[in-house]
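**Q** Would you mind keeping the following structure in view while I ask a few things?
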Amino acid sequence: MKKLLAWTLMASMLLCLLAGCGGPAASGTQQPSEPAGSQTGQPAVEPTEPPAEETQPPEEPAAVDTVILKEQDDSMINTYTLLAVNPDAPFTDEDGNAVSDVAVNTAGAEALIQWMLSEGLDLAVAYGQKEYGDSLFYLLDGAPRYEGEIAAATDETRTIRLSTTTSVNDSGLLGAILPVFEDEYGYTVEVQSAGTGKAIAAAKYGNADLILVHAKSQEEQFVADGFSYVLDGFDSERLSFLYNYFVLCGPSNDPAGVKDMDSVLDAFAAIAEGKYPFISRGDGSGTHTKELALWPEELGITADAESFADYTDWYTSANAGMGACLVMAEETHAYILTDKATFLTFQANGGMME
């Protein structure tokens, strides 16, 4: 009996060993874990990337209510002119006192003028077509051209002082094309912008090497007073090369009905007759000079504040740059005369100007 029990016990132990009795834990060996779901016959769940943040499209500039109502009238051609400053000019300070020892960088000024009238022409004419859907500047018929060599900068000629108008600067033209000139020839152009009157005054004080302005009568006086000279290879002190149009802008509902007028002169008369709000540059700029020439003569509006003292309920003399005046016109639903280049920039920026 005892032998039978012993053989039975030994058989049981042998069967337990053959069957792996006790599983992995009993053997002390840890088995690799199965992927989730494998024990149930379900496919394993792959880890997923967190959802990417949705990229919002850039905001479109806000629409402006100010629109162009009158343009390309023969009375509204706007011509831009380069003039080099004469180093021997009768410079004065703001009080009219003679100033001596003025240093004018004639070599740098000539290089920039030569470039503007050669390589720079195509860049200036192309500017704005892609960004604003229209040309901001056009090449003037018979514009002077330069085909000679352009001197690279030296330590003495590197910095060029350009005095120009806010209309040119606010259009973005100089910021777009001057880096090309600077990179190619090694110059640095310091741009000062104000109304044409102030831009010319800066040159008369000896604070500019050349000017880029748009007021013929003031340019001619600048030449007559001895502040400019004829560059080699050119026929005149005044180098007129680009143009665009002044445009009469105003609120889209056009309460004065100027859009349907036969001419810009009729449009200005209608604004005055109806006493509709008008923003004037009032700063002696080329735009201001043009505006004064468009009012009916009997109104007697001039640069003198007394001349429009009776019109201040509708006529605002801002004494500010073009961009700032456009913002004022938009805010007050007023009419305004502006160069087209600055207006298109203003419109594309949703009524914002730096």
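The values are calculated or read from the model by the stated rules, or taken from the named source; none is laboratory data. Since this is a predicted model, take the numbers as computed values, not measurements. Heads up, the Cβs are rebuilt from the backbone with ideal geometry, glycines too, and the neighbour counts pull from every protein chain shown.
**Q** Can you tell me which residue is farthest from Ala320 (Cα to Cα) among those in region 137-175 that are surrounded by 21 or more Cβ atoms within 10 Å (Cβ to Cβ) and in contact with a Phe, Trp or Tyr (Cβ under 6 Å, 6 or more places away or on another chain)?
**A** So the residue we want is Ile160.
**Q** Out of Asp170, Asp209, which single residue is within 16 Å of Val85 (Cα to Cα) and in contact (Cβ under 8 Å) with a residue 40 or more places away in the chain? Reasoning before the result, please.
**A** Details: Asp170 fails: within 16 Å of Val85 (Cα to Cα).
After applying the criteria, what remains is Asp209.
Matching residues to (1) modelled with pLDDT under 95; (2) out of contact with any helix residue (DSSP H, G or I) (no Cβ under 9 Å at 6 or more places or on another chain); (3) under 25 Å from Leu83 (Cα atoms):
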residue	(1), (2), (3)
Gly250	no, no, no
Asn253	no, yes, no
Gly257	no, no, no
Ile271	no, no, no
Ser280	no, no, no
Thr287	yes, no, yes
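**Q** Pick out the one residue from Leu136, Leu178, Leu140 that is in contact with a strand residue (DSSP E or B) (Cβ under 8 Å, 6 or more places away or on another chain) and free of Cβ contacts under 8 Å to residues at least 24 places away in the same chain. Before you say what the answer is, go through the steps one by one.
**A** Details: Leu136 fails: free of Cβ contacts under 8 Å to residues at least 24 places away in the same chain; Leu140 fails: free of Cβ contacts under 8 Å to residues at least 24 places away in the same chain.
Within the list Leu136, Leu178, Leu140, the selection yields Leu178.
**Q** Considering only residues of region 317-329 that are buried (at least 21 other Cβ atoms within 10 Å of the Cβ) and modelled with pLDDT of 95 or more, which is farthest from Ser217 (Cα to Cα)? Spell out how you get there, then give the answer.
**A** Our first condition is that a residue be buried (at least 21 other Cβ atoms within 10 Å of the Cβ); within region 317-329, this holds for 321-323, 325-326, 329.
Restricting the remaining residues to those that are modelled with pLDDT of 95 or more gives 325-326, 329.
On the way: Cys325: 23, Leu326: 25, Ala329: 27 Å.
So the residue we want is Ala329.
**Q** So which residues in region 202-222 are touching a Gly at 6+ places or on another chain (Cβ under 9 Å) and either aliphatic (A, V, I, L, M) or farther than 26 Å from Met76 by Cβ (or both)?
**A** Asp209, Leu210, Val213, Ala215
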